[in-house]
1. Distance from the Cα centre of the range A:153-203 to that of the range A:361-409, in angstrom?
2. Under the rule of at least 5 residues apart or a separate chain, name every residue whose amide H is placed under 5 Å from the amide H of A:Asn371.
3. Hey, can you grab everything whose amide H is under 5 Å from the amide H of B:Asn161? Only 5+ residues off in sequence or another chain; H modelled, so Pro and N-termini drop out.
4. For B:Ala282, list long-range residues whose amide hydrogen, built 1.01 Å from N in the peptide plane, is under 5 Å from its own amide hydrogen.
5. How large is the dipole of the range B:5-346 about the Cα centre if only Lys and Arg carry +1 and Asp and Glu carry -1, each at its Cβ, rounded to the nearest 20 debye?
6. In Å, what is the Rg of the alpha-carbon atoms in the protein assembly as shown, and how long is Dmax?
7. Going through the DSSP H helices of chain B, which span 18 Å or more along their own axis at the Cα atoms while scoring at least 0.5 as a mean Kyte-Doolittle hydropathy?
8. When a/c reaches 1.5 or more, the comparison of a/b and b/c decides; with that in mind, is the range B:347-397 rounded, prolate or oblate per its Cα gyration tensor?
Amino acid sequence: MATVPKVEVGTDYKEKYGFFVPEEYVFKAKRGLNPEIVKEISWMKQEPEWMLNMRLRSLEIFRKKPMPTWGADLSVIDFENIFYYLKASDKQSKSWEELPPDIKATYDRLGVPEAERKFLAGVSAQYESEVVYHSLQEKLTQQGVIFTDTDSALRDHPELFKQYFGTVIPPADNKFSALNTAVWSGGSFIYVPKGVKVEIPLQAYFRINAENMGQFERTLIICDEGSFVHYIEGCTAPIYTTDSLHSAVVEIIVKKNARCRYTTIQNWSTNVFNLVTKRAMAYADATMEWVDGNLGSQITMKYPSVYLMEPGAKGDVLSVAFAGKGQHQDAGGKMIHVAPNTTSTITSKSISKGGGRTSYRGHIKIYPGANNCKSFVKCDALLLDDESRSDTYPYNDVDAENVTLGHEATVSKVSDEQLFYLMSRGIPRAEAETMIVNGFIEPFTKELPLEYAVELNRLIQLEMEGSVG
Amino acid sequence: MGFNAESLEELRGEPDWLRDRRQSALATYERLPSPSKTDEEWRRTDVSRFNPSDFSKLEHLDGLKLERPSGLPAGVILKPLRQAAMDHPELVEPRLFSLVHADRDRFAALHAAFFTGGTFLYVPDGVEFDQPVLGQHLSHEGGNSVLPHTLIVAGRGARFNYLDEYIAEDDAETGYRTGSTEIFLGEGSQVGYVAVQKWGRKVWHFADQRAELGKDSTLRLFNVTLGGKFSKTRVEASLAGEGANAELKAIYFASGDQFFDFHTLQDHRVGNTRSDLLFKGALQDVSRTVYAGMIRIEKHAARSDAYQANRNLVLSDKAKATSIPMLEIDNNDVRCTHGATVGPVDPEHLFYLRSRGIPLQTAKRMLIQGFFGDVLDRIPFEHARKLVEAELESRIG
């Protein structure tokens, strides 16, 4: 890899915590947020004018919208003290070997090469704000599948991009989608043509690695009629001393008879604010599945949603949250039934420990005329000690006829009987508790590919031992 | 004309402390804005078309019919609330509006400023009686306000039942109605309380019920909501003593263009407490209902059990039920479950009955009766159970 010319580098970063890798930035926008920064980002990326205009318009919207007053306390975020764009190297690497060594070192810790070896799939790993490593399996190309980073997609597939970008989540949807649209960078772009079934999950790793670095990736997935894709997003981040903001936008279009599954394992370090808008549009007889695991971050506010646009559409959210000390996971799901004869389920499992707080927040909306819909929500919460907290806030609005709606929730602790049973068989208490917790989230883990399930079980184990903060 | 200091003059002959309290509540009413759609509690509950001043004529004093159980034990005080405020200030003053706060919102303030009729029941320590106390609140004419308030104090180990019935003489009358209740349960007391709301179908009704449960006390509270074009009821139990047990049940049957709103709170303030809530409703025609319930388990309230369920049977395509069951759990050593369902009559159940030759209408009626059956069994005393069964029967038809 050739030496990268430095345009501007943050100079005062020291190795502080975690597996920090010295930064080497091609370009780093100044802290703060104003039209000049946005223009600079767009110029650096050599974007078409419509995108620049959309960014500037979104910035205006972001400024006008008030901060949400519900959910977690977001008043501590200082938008002026965040870097809105970094670019780690000036060109895309085509293979693993070409990656800069320090970036490779970080990914080694995350196990990206293993994942690649195991899946032999396209890996699109995001380091800082832009995708630097990208490999696309030949078979996918042959099938006509586009799997690229979002910046390249804007350049290489402008028509497809312009047709769908911002249509599922318009900039004005909420304050953070406006922010993302103004300063977005990186993320994945997937297009699956008609009738194509992508057999192996497509994966991308996202990382935040600069102090005060906001990460605003933008993902757009289009599943054409009768297609199938499973996309996996996993996140980790080393620990820094000041708060970081992660505010992604994920838009998915699932056309007639298509199926899309989007799996997330979010494990940001516990000083990250994770404020993400994820939404899918499901058309006739299409299926959208969100599998959403939230383990890290200081505050997460994330409610993957499905708009059921045409009859026969089906939406599914399976959500797991783990909140340890100082964490608040405000997660859930939204199902918006626009068309009749649509169905949805939300299953939420949450675990609170060491003073952590998990909140399920959900919304089922059934519009007038969307008759004969069925929706079911189930929330289970496990409280591991008496300092922790769990909340359930389900909102249901039904304006249609002949709708069946169900909601169930339970909150409990690890049952003494289960513990007694395991301990009477010689299993130490801590291990028994871990087993019970792993059993509790099993409906979630069994939906994950094997290595993710293993990783998740290991993470739970670490959390249970208190070795991860 | 409106609700103002002048109209307070109508309520003469009360002790100074009550007068001051009414004035302060009136000031609160004048200060507070009408709830807006941005308040979570009022998002689905539209009061923009309700102007209390339209009904500022007070119907009072004769609006209450109290039936004293025969052979009421000595020491029991049962009298109209305003009378009790004069005769027993030491019992009434510290408690009146200490659970149902006047400054909670505009309507609570208005009720506190102008409450007219209502009952005071005081049952001393260790006193038990079987025959229920029956309080009937009647409205004789429309276009006015009927604002009764019930205050119940149960001494240690007291045991009794009480029924509040809100009755309209004319089903088509308009007006402003309330029916709020405060219940204090002393240690080990057992109180059964039933409120049957059958005001006219065009009135606006607001009710705040709140009970405070002492150690080892048991409350069985049952609501029946049938009347009003708009009916908003808050049911709140504050479990303040270990071993307290609150059973909060309700049935509602909405038809025509009725709108019912229920907000409930099970507040577990200490450990070893239990609450069990079940609200069941059926909706016909273009009626709408909103249920929002909260279970709150506070930090040190370990070993608490809380249950909350709301079931809605939607009998018409145009009726709409909204159900929002919420939990806030701050302690892990608890058992909490909640559930909510909204749906039509199960077509399989209907098919089963029809396949046995039962006509559609009869089968539907049987299913509705069955739907309410399990909760009717929980009505705490016979008199109220019979009353409710008869009311329900006439509505299911």
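Where a number appears in this text, it was derived from the coordinates with a stated rule and is not lab data. Here the structure is a predicted model, which means the values were calculated and not measured. Every residue, glycine as well, gets a Cβ built from its backbone with ideal geometry; the counts of neighbours run over all protein chains shown.
1. Each part's Cα centre sits 28 Å from the other's.
2. The list, which skips near neighbours in sequence, is A:Asn341, A:Glu401.
3. For B:Asn161, the qualifying residues are B:Val133, B:Gly192.
4. Answer set, sorted by chain and number: B:Tyr252, B:Phe253, B:Ala254, B:Leu313.
5. Result for the range B:5-346 is approximately 640 debye, rounded to the nearest 20.
6. 30.7, 101
7. Values: long enough: B:16-31 (22 Å, -1.53); B:360-376 (24 Å, 0.53); B:382-396 (21 Å, -0.73).
Correct list, ordered by number: B:360-376.
8. prolate
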